[in-house]
Structures are given as structure tokens and as C-alpha cells.
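Bear in mind these aren't lab numbers, they're just calculated from the coordinates by the rules spelled out. Because the structure is predicted, anything quoted here is derived from the model rather than measured. Because the Cβ atoms are built from the backbone with ideal geometry, glycine has one as well, and the counts that use them run over all protein chains shown.
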Amino acid sequence: MPKNYVSAPIYFDNAATTYPKPQSVRAAAARAIVKAGGNPGRGGHPLARAAGETVYHARETAAKMFGAEPENVVFTQNCTHALNLAIWGLLHEGDHVVISSMEHNSVWRPVVTMAKAGIITYSIAQISPDDAQTLANFRRLFRPNTRAVICTLVSNVTGQILPYLELGQLCRDAGIALIADGAQGCGILPVRLSDGITILCTAGHKGLYGITGSGMLISDGTCQLMPLMQGGTGSQSKSAQMPDFLPDALEAGTVAVPAIAGLDAGMRFVENRGTASIFQHEAAICDRLMTGLAARRGVKVLRSAVGRYAPLVSFVLEGEEPSETAERLANLGFCVRAGIHCSPLAHETLGTATAGTVRFSPSVFSTVQQTDAFLRAL
Amino acid sequence: MNERKRTQNLRFCVDLGFLCCRFGSIYGNLYVLIQMKQKLRRIALRRSFLFFVGCGVNLCRFCIDYISLSITKGSRKENVMETVFTVNSETYAEKTRRLLQRSRIRFRVVRTTTSQGCTAKFFVMGDAAPIFSLLQANRIPYHQGG
């Protein structure tokens, strides 16, 4: 433990993973270990059945929340896993894909890997604080063989909310699939598949307040995804091929039942609070921080006056590397993230690729008092 | 009117009576609590008869349920058709179970692991056509029979 560490850590790294988790989430995960300890779909005994019911209940909760069918909800380890399933499963040889310039490595790396292997080609649409400009940049890159657009709902670096509703409409009109990265957007935005999203990929342990090891791929059921992994599904066991129906086609191996139970409780927690209410609370925290930062000299906040932003603030202190700021704050008991946040593409767009930024991301449990303490420490 | 229809009508009447008495018993209990607070125990006890009526009806309901179940079971072979189908996926099996429950359809399910993997065998009381159309409407892959 650091020397100057005097009290419990004050956590502002919720864009990485939310902490603390709601009591209901912790209880649900613990209960699943005890009461639903079997392997879902791998037996007819009570514990396997209980596990199956637990998992299906979570599918129903997710389906209700995002406007999908329960069987089109695929549980994954995290958002990166879900995005890889979507990208490798949907794109075929000769396809072209458009990604935004704010994408996380979980999108950029698989796309570049597929392009290097000669399977696909890709273009990068520049994101502007002006939504109309952003949409024009996407439209300009569409080709006859464009199979999909991959776009994050909210930038994990700046918190900018991308115009996904308009982009969904644009893709629908052009007959192009929209793969949305909802890692930062789900839980604070009222995201629905009816927004024009073909495949929604999200983490369970961020804005949905589940535990780590949980994520989801939610499909609208209009496209067939080739399985990235092959293995046991508990169904069609005699066949050498993976089943061709969801969720079994993409859920090879045993799913993480306690993590899924926790995610289920987390989604219900978010639904009970309401995404708008959570957004409002966290935005108030960010506003307080930005007011405090504005009173200081030598602080650069990565926000534009015209863009729409989710409750997340990236900043740089003049004369201090972001990693030094984060280390200094960690020694005082404050948890923030520094660096390029696994999004080199976004930092190239923002001109902060050398050292990155300090990222402040509150949760529904963050308080004004903690923010004031953070400002004092800064 | 066949045996099943008669049983259903009987159950409906009993359910209605049960509900009325359940509300009566709640009212009676509340009344008792209020009166006891006011230390008028004699009146309170006199008025609490609704509670006992509720309990009695509850007991009768269980008896009727038991009898009707026996009748239904007995007449199953003669009058009511049993539809059997299997679902070879845990997710779809669970979806089917919940769908049948929500639709208030009587069924039982046997889950096993066979060479096909997870298998849920459903035994549903009723004609096959409406049940299968319900499954098809909900995009549930099933196999007719065992």
C-alpha cells in the first residue's frame, strides 16, 4: 500500500470497470455459485437446471433492456470477445468495412489483422465534434462491397457520444450492418437494437454494473455469424459442426454462470435507477470537476463546445505527464486511468498519441464530496 | 360437455369463491387488528369469522384441485390428447418452459442429456396443432415426438 495512502480508495476509473458493485450484484453472483452450481445445458439434474434458468433469466433481462429476443443474446467474457465474434463472424473475403477514428483496439486490431491477411479492406471515418460532418465522413466511405460499419457509441477517451441513431438510419438505408461497441454507452444511454443496430457488443462489468468476466453480443437476428470458436454447446452433440442457431452457435464451452447472474442483477439495477437518472448524476459530477479544472491554469480538457459528451472527462496537466498525474493521485488514494486507454486511433485523431490523457470517469456511487477531494488532491 | 370442461368450470367457480373469501379474510384480519387496538376484543373475535371462512375455503380449494387433477389424469387417455415434443437446446428449452407457463398450458418436462446433448422432452396437455403453431410463432426449434 502506498505510503501516503490514508483512507479507502476513491474510485474514478469506472470507464475501465465500475467499482463498487451494487449489493444486489454481489449477492446474485454469490447465490449462483451456491444455488446454481451446475453446468447449464449439460445435464438434467437440479443444479444444471438451476444454472440454465439463471442464464436464461439474464438473457430475458438483456433482451428486454435492449429490445432483442432472448435467444439472440450471446454471453461473452467481455466486450472485446463480443466484438471479435461479431467482426470475424460477419465479415467474409472481399468485404469492406468502415470503422470510426475513435475505435478501441478491440475493433482496430481484429480489423487490421483481417486486412493484413487479405480477407477484407477497411476505411477509417474521421470523427468530428460536429455530428453532421461525422455522418458525411461515413457516407463518403461507403462502397458497393461495404458489409458493415463498426462504431463505438461513446468514445472511451473523450466521452463523446457518436451520432449512432443517425448512423443506424444511414446504414439501414444503405443495407449495411451496424456493429455497435456499447462498452461505454450501455447503462447510461437508452440503447435499443431498434436504433438501427444490427449487432450490439457490450461489456457487462462497466455501465451495466456486472462483475468482470461478463459481456454480451446482442443480435437483431438478421445476419448469420460464423462461429469464431468451436466446442461443446450441450446441443446437437453428435454433429461435427457447431449448431447454426443462436446463442449456441457462438457460445462454445461453459458460460460463466456467476458472472452472468451478477450481470443480470446489474442490468436490473440500471433499469431500476434509469439510464437517464444515472447519466444525470454522473454528468453533474463531471460538471463539478470541469468547473474546478476551469479555475486552474494549465489544464487542457479534451472536450469541444459543440459535441455531445457522456459523463467522462479526459484532461492533461501542463508540465506533467498523464502517467505522473495518475501515479501522484494513486499515492493519495484516487483511482484514475492514464495513458492512451487502448485507443491509439482515437489519440491520433485528438493529437494526444504521445503520452495520452488522464481519464476521470465517475459512477452512480460517486459523490460531490469525492470530486471536491479529487480537485484538492490535483 | 366432456369431463375436462366440467372440471374447468368447477375450478373457475372455486377460484372465484376463493378470491372473494381471501379478500374477506384480509378485511377480517385488518378489522381484528383495528378492534384489538381499541381493546374491543369480544367484537373483534366475533368479526374474525371471515378469517376462518378464508382458511376453510383455502382447504376446500386444495381438495378440489386434487380431485380435479385426478379426474383429468384419469380422463387423459380417453378425452385429452397429450402432445409430446423435444427441444434440443438449453436456451430454447427454457424459453419453451416459460412460454407454456405464461400461456397457462399444463405440461411437464423431462430433461436429460442424450447423445444429442441437452434434451428437454415436453408432455403438453392439448391438441398438437395450436401448441406447435405457438412454438413456430416463437421460433422455437422442436422435434415432434419423443
For residues of B:116-122, the mean tally of beta carbons on other chains within 10 Å:
6
Which of the listed residues, A:THR291, A:VAL336, A:TYR19, is farthest toward the dipole's positive end in the protein assembly as shown, when Lys, Arg count +1 and Asp, Glu count -1 at the beta-carbon?
A:TYR19
About its Cα centre, the stretch A:1-144 carries a charge dipole, from +1 on Lys and Arg Cβ atoms and -1 on Asp and Glu Cβ atoms, whose size in debye to the nearest 20 is 500
Distance in Å, no decimals, from the C-alpha centre of the stretch B:101-146 to the one of the stretch A:265-326 is 51
Using only alpha carbon pairs under 8 Å that are at least six residues apart, calculate the relative contact order of the stretch A:120-248 and give it in whole percent.
15
Please work out the C-alpha center-to-center distance from the stretch A:120-182 to the stretch A:50-87 and express it in whole Å.
24
Ranked list, fewest to most other Cβ atoms within 10 Å of each Cβ, for A:LYS64, A:LYS238
A:LYS238, A:LYS64
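Roughly how crowded by other chains is peptide A:235-245, in terms of the mean Cβ count from those chains within 10 Å of each of its Cβ atoms?
Per-residue shielding by partner chains comes out at 4.
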Under 17 Å from the Cα of A:LYS64, which aspartates and glutamates turn up, not counting those fewer than eight places away in the same chain?
A:GLU53, A:ASP195, A:ASP220, A:ASP264, A:GLU271, B:GLU94
Report the one residue of A:HIS45, A:GLN370, A:LEU189 whose Cα lies farthest in the direction of the positive end of the charge dipole of the protein assembly as shown (charges on C-beta: Lys and Arg +1, Asp and Glu -1; origin at the Cα centre).
A:HIS45
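In percent, how large is the relative contact order of the stretch A:174-294, given Cα pairs closer than 8 Å and 6 or more residues apart?
Relative contact order of the stretch A:174-294: 25 percent.
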Relative contact order [Cα under 8 Å, 6+ residues apart], chain A, whole percent:
24
With 10 angstrom as the radius, rank A:LYS206, A:LYS300, B:LYS121, A:LYS21 by how many other C-beta atoms surround their C-beta, starting from the fewest.
A:LYS300, B:LYS121, A:LYS21, A:LYS206
Any idea what the dipole of the protein assembly as shown comes to, in debye rounded to 20, about its Cα centre with Lys/Arg Cβ at +1 and Asp/Glu Cβ at -1?
2920
Can you compute the FRET efficiency between A:GLU320 and B:ARG98 using 1/(1 + (r/R0)^6), with r the Cβ-Cβ distance and R0 = 60 Å? Round to the nearest 0.05.
0.60
Once the dipole of the stretch A:19-168 is set up with Lys and Arg at +1 and Asp and Glu at -1 on Cβ about the Cα centre, which of A:ALA86, A:ILE99, A:VAL55 lies farthest towards its positive end?
A:VAL55
Return the distance in nm (one decimal) between the two label points of a simple spin-label model at A:CYS223 and A:GLN241, each offset 7 Å from Cα along Cα→Cβ.
2.1
Determine, for each peptide in B:126-135, A:96-105, the mean count of other beta carbons within 10 angstrom over its residues, then list the peptides with the highest first.
A:96-105, B:126-135
XL table A:LYS206/A:LYS300; A:LYS35/B:LYS95; A:LYS21/A:LYS300; A:LYS238/B:LYS121; A:LYS35/A:LYS206; Cα-Cα > 29 Å flagged, in table order, is A:LYS21/A:LYS300
Straight distance only, please: which aspartates and glutamates reach the Cα of A:LYS116 with their own Cα at less than 19 Å, same-chain residues fewer than 8 apart left out?
A:GLU93, A:ASP95, A:GLU103
In debye, nearest 20: dipole of the stretch A:258-378 around its Cα centre with unit charges on the Cβ of K, R (+) and D, E (-)?
260
